[in-house]
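What follows is one structure encoded as structure tokens, with my remarks underneath.
Rule-based calculations on the coordinates, nothing more; no lab input. Owing to the predicted nature of the structure, the values given are computational and were not obtained by experimental measurement. So basically every Cβ, Gly included, is an ideal-geometry build from the backbone, and we count neighbours across all protein chains shown.
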Amino acid sequence: MSDTELAITLHLVDPADGRSLQSWAFRQARVTIGRDPTADLPLVDPYVSRVHVELLHSDEGWTLCCLGRNGVYVDSKSVDRFRLSPGMTFRLANVGPMFRFDPQAEPVGTSTLCFDSSSMVVLELNPSDVRQRVDEIAVTDYFQQLQQKVRQLRRDRTTT
């Protein structure tokens, strides 16, 4: 078995857009992924078991073997054993990390993922809509009763 046959790259991918976030290259017939620090690809994730996945090379190619408690998913289907093909993605647990399998080793460098949080819109409110809704709430009987209770509690607090 040549070194080229054993060469694979695993890419951690963003499930939203399939973009590669990080990559690891291996040149061995058995690759383990899990929470165990001695795994070939150690992960810190609450959904990942100590040894969650084992990738095994044979004459037929690469096979994914699920060893994890929360399963492995290929195309949203739980699998125990699965023959991997180039570009295939699999996910550890239903909501855990997602990987893309590439049967060629690529040079793997180190990089840091950076983004500008100020460019990311998390929540956008229209000030005039907010003001209108506040005004609608403020005139209700229930809100007026709450306001009266607050005033009474403040008076009681200052007199004691």
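Projected label points at residue 142 and residue 16, each 7 Å from Cα along the beta carbon direction, are separated by 3.4 nanometres.
P(r) tail for region 1-54: Cα pairs beyond 12 Å make up 69% of the total.
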